[in-house]
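Here the structure is laid out as structure tokens; the discussion comes afterwards.
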Amino acid sequence: VQLQASGGGLVQAGGSLRLSCAASGRTFSRDGMGWFRQAPGKEREFVAAISWSGGSTYYADSVKGRFTITRDNTKNTLSLRMNSLKPEDTAVYYCAARSGPYASTEQSEYDYWGQGTLVTVSS
């Protein structure tokens, strides 16, 4: 089972990026998925989560209104659209999946993790 995150890079403040997460080895079409991030010198934190159907989504207050999480169960993929990026969004972003249908903001409830993709926002 593998989650492969991609789409990170260097962007100026105010810019946009779209992260993608491709799952292989197992279908996650019935499982909740999420994005987390870890900034330099800080602990990993919740960013966004989505239920198996996409019907429920949750966001950290720091990204609400700027980031959008979506999924395509036909392709076994997860995405994170990030707009109005700020320097404080700089971090390694991880996608994750859990064995259960609901979205969760808790890292401990996720069973599968991708390797992370670096997002750097310059001021």
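Points to keep in mind about this one:
- Test: residue in the stretch 97-111 that is assigned to a strand (DSSP E or B) and of a type in the set (Ser, Thr, Tyr): no
- The stretch 69-104, residues that are within 18 Å of Gly9 (Cβ to Cβ), surrounded by 14 or more Cβ atoms within 10 Å (Cβ to Cβ) and polar (S, T, N, Q): Ser79, Asn83, Thr90
- Cβ pairs under 7 Å, 6+ apart, first in the stretch 50-79 and free of Cβ contacts under 8 Å to residues at least 40 places away in the same chain, second in a loop (DSSP other than H, G, I, E, B): Arg66/Asn83; Arg66/Ser84; Thr70/Gly54; Arg71/Gly54
- Among the residues of the stretch 5-15, those that are open to solvent by 50 Å² or more (accessible area, probe 1.4 Å) and not in a strand (DSSP E or B) comprise Ala13, Gly14.
- Residues of the stretch 112-121 satisfying the condition of being within 20 Å of Pro40 (Cβ to Cβ) and either part of a loop (DSSP other than H, G, I, E, B) or open to solvent by 40 Å² or more (accessible area, probe 1.4 Å) (or both): Trp113, Gly114, Gln115, Gly116, Leu118, Thr120
- Selection from the stretch 54-103 of residues that are aliphatic (A, V, I, L, M) and closer than 21 Å to Ser122 by Cα: Val63, Leu80, Met82, Leu85, Ala91, Val92
- Scanning the stretch 102-123 for residues that are more than 22 Å from Leu17 (Cβ to Cβ) and either modelled with pLDDT under 95 or among the charged types (D, E, K, R) (or both) yields a count of 3.
- One residue alone among Ala49, Ala39, Ala22 is surrounded by 18 or more Cβ atoms within 10 Å (Cβ to Cβ) and aliphatic (A, V, I, L, M), and that residue is Ala49.
The values are calculated or read from the model by the stated rules, or taken from the named source; none is laboratory data. Remember, it's a predicted structure, so these values are computed and weren't measured experimentally. We place every Cβ from the backbone using ideal geometry, glycine too, and count neighbours over all the protein chains shown. Areas reflect the complete protein model, heavy atoms only, side chains present, ligands, DNA and RNA absent. Shrake-Rupley method; radii C 1.70, N 1.55, O 1.52, S 1.80 Å.
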